[in-house]
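The values are calculated or read from the model by the stated rules, or taken from the named source; none is laboratory data. Quick caveat, the model's predicted, so the values are computed rather than measured. Neighbour counts run over all protein chains shown; Cβ positions are idealised from the backbone, glycine included.
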Amino acid sequence: MYLSLVSMQLASIALGSVFYGMYAVLFCVSMFLLVRRHNSPHTTHKSRENGSLFASMVFLSATLLFLIVTLHWSTLAYRTFAAFVSFRHGTEAEAFFGDHTQPTQVVQNCLFALAVPIGDSLIIHRLWVVWGYSTPIIAVPAIGTAFLTVGGSLAAYNNWRSPDVFSDPWLKYTTIMSLVCVYTLALPVHASESDPVPRTNFYCTGFLVTM
């Protein structure tokens, strides 16, 4: 069955809205629990002296990630309305979605390229803390995240400079970075008896569970 750009965009805004709503609820709950835990009388005096919760890396990174994801979803919603209402009176929505040089598309790609490394860095930081600040345990996901960041940046640049991304020579570098990222995250790590997994989130979650 043939799927047009219009149908895929409509599916994206529908599913994206559902998942964004779930993420927003989870973010609010996690922030509430984080603040409540910090203000709890059972919190050690030393942890209170380390500084304000609102200045902590985890709180700032999580808040920044939420803002980026919110902007990404807002851009997705705006593009949907722009294609069906304002762009040539809504008569050429597919041409609008197919133009990768549209400013809103460039912004959306850049936001995605920012959100992925920030989200991965948060879970890598949690793994680092839980494993007693062990650097070797985070080496594999850190390298994978670095490659993924470079690949995402190249992809955003590639989409911005050419309407036809498949004819651009930068595409092969983006593909190579993505393949290197997947290969790196699939390498075995001898710090645990767990099997290697191909994604940063799965890797970190697996080692957090086995700790």
If you go through Val116, Val107, the only one that is surrounded by fewer than 20 Cβ atoms within 10 Å (Cβ to Cβ), modelled with pLDDT under 85, under 21 Å from Tyr20 (Cα atoms) and not basic (Lys, Arg) is Val116
Considering each residue of region 76-104, count those that are hydroxyl-bearing (Ser, Thr, Tyr), surrounded by fewer than 20 Cβ atoms within 10 Å (Cβ to Cβ), assigned to a helix (DSSP H, G or I) and in contact with a helix residue (DSSP H, G or I) (Cβ under 8 Å, 6 or more places away or on another chain), and give that number.
2
From the list Ile123, Ile143, exactly one residue is buried (at least 17 other Cβ atoms within 10 Å of the Cβ) and not assigned by TED's automatic domain parsing to the domain that holds Leu60. Which is it?
Ile123
